[in-house]
Amino acid sequence: MKKLLALLFIITATISLTYAQNPLDKAKSAAGGAQLQTPKLDVGSAANSILGKLTPALGLTEKQKPNVLSSVTGFLKDKSGILGMAQTDKAGYASKFAGLQGGLFGKLKTILTATQYTKFLGLKPKTNDPTNALSQLFF
């Protein structure tokens, strides 16, 4: 009889502990869902949108377009990898972004003519405007 009661107690305790863990898991997942989400960047559409703005503004030739698109796409892919830092480590993000931007601008200097590159720098928006695709290159 004692063994039966002990076994019944163990089974009841195990079931209680199992169900007690379920609300904790729900609370953990709810807390995790409330954390800041890493911003997402649609590299393909952003790169095409940027090229769409740069082509008429700079008078890009058919030979320059694929090179500019490739450089911008690579930059945006690299940028998307560090976007999470913008919320957690602003100084680290700024440092890495400056390096990425310097690499992009260096590539563009070799692709564009001096006049085109000067015009490109003049296209920098005054502020980080999410509606302006070119903001992705400068901010």
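The values are calculated or read from the model by the stated rules, or taken from the named source; none is laboratory data. Predicted, not measured: the structure shown is a model, and the values here were computed from it. We place every Cβ from the backbone using ideal geometry, glycine too, and count neighbours over all the protein chains shown. In case anyone asks, the SASA skips ligands and DNA or RNA and just uses the protein heavy atoms, side chains included. Shrake-Rupley method; radii C 1.70, N 1.55, O 1.52, S 1.80 Å.
What to note about this one:
- Hits in the range 116-131 (condition: within 15 Å of residue 68 (Cβ to Cβ) and either open to solvent by 30 Å² or more (accessible area, probe 1.4 Å) or not polar (S, T, N, Q) (or both)): 117, 119, 120, 121, 123
- Residue satisfying all of: in the range 83-107; in contact with a helix residue (DSSP H, G or I) (Cβ under 6 Å, 6 or more places away or on another chain) and within 21 Å of residue 45 (Cα to Cα); most open to solvent (accessible area, probe 1.4 Å) among these: 107
- Near pairs, Cβ below 7 angstrom, 6+ apart or cross-chain, from the range 44-55 (closer than 9 Å to residue 72 by Cα and open to solvent by less than 20 Å² (accessible area, probe 1.4 Å)) to any residue that is modelled with pLDDT of 95 or more and among the polar types (S, T, N, Q): 47/73
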